[in-house]
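Written below as structure tokens is the structure these notes are about.
The values are calculated or read from the model by the stated rules, or taken from the named source; none is laboratory data. What you are looking at is a predicted structure, and each value in this text was computed from that prediction instead of being measured. So basically every Cβ, Gly included, is an ideal-geometry build from the backbone, and we count neighbours across all protein chains shown. For the accessible areas, the whole protein counts, side chains as well, though only heavy atoms, and no ligand, DNA or RNA atoms are used. Shrake-Rupley method; radii C 1.70, N 1.55, O 1.52, S 1.80 Å.
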Amino acid sequence: MSEVAPAHTLAHPILTDDFATEWMGLKVLELGDGTATVSATLRREMLNGFGIAHGGMLFAIADSAFALACNPHAPAEDHNTITVAAGVDVNFLAPAHEGETITAVAAQRAQAGRSGVYDVQVFASPAGTAHTADAPGRLVAEFRGRSRTIPRR
């Protein structure tokens, strides 16, 4: 496993034209070999009719962490492939609210050939509370993603 990238170098090539991630205001907190941690502040337009986080927003934040963990953040020798989601299961455990910081922590669990399995835990913490590995906030969702490496078009 490679070292976690320091904060001043947290850029990933797949974010260059990722307009959804830009709209969500996603911040990349950590990148490693098969790992990624991202966060975003839950805005009013990310809420559902009950005034809590729309499940699709929590899913999208987790999915972005999943994508970053699946794809190398350093230039790779093989630019002819990309890794995408083949399937996902998500369990929503608790509501998240406007102004809270949503943090998604992705980690590779298995890799075999072109297929991988990744777990993403999604946490919510009050506005202004910093995420740390020891205190990530309360767990609001768990996401298990199955990846597949395919040829780039």
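With every protein chain kept in place and ligands, DNA and RNA left out, what is the accessible area per residue of the chain? Probe 1.4 Å, answer in Å².
Details: 8620 Å² over 153 residues.
Counting only protein heavy atoms, the per-residue value for the chain is 56 Å².
Using a 7 Å offset from the Cα along the Cα-to-Cβ direction at both Q111 and F50, what is the distance between the two label points in nm, to one decimal?
Taking the two extended label points, one gets 3.8 nm.
Between T132 and F19, how many nm apart are label points set 7 Å from Cα along the C-beta direction?
Placing both labels 7 Å beyond Cα along the Cβ direction yields 4.0 nm.
Non-local amide H neighbours of H54 (under 5 Å, H modeled in plane, Pro and chain starts lacking H): which ones?
L47, N48
If you stretched the chain out fully between F92 and R146, how much longer would it get, using 0.36 nm times the residue separation minus the C-alpha to C-alpha distance?
Working: separation 54, 0.36 × 54 = 19.44 nm, distance 1.79 nm.
Gain in length upon complete extension: 17.6 nm.
Tell me what the chain gives for mean residue ellipticity at 222 nm when only DSSP H runs of n ≥ 4 count, each as -39,500 (n - 2.57), the sum divided by the residue total, rounded to 500 deg cm²/dmol. Don't jump to the answer; show the numbers that get you there.
Working: 2 runs with 22 residues, N = 153.
-4500 deg cm²/dmol, from helical runs alone.
With a 10 Å cut-off between alpha carbons and a GNM built on the chain, which of A40, A106, A86 moves the most?
Its mean-square fluctuation being the largest, the pick is A86.
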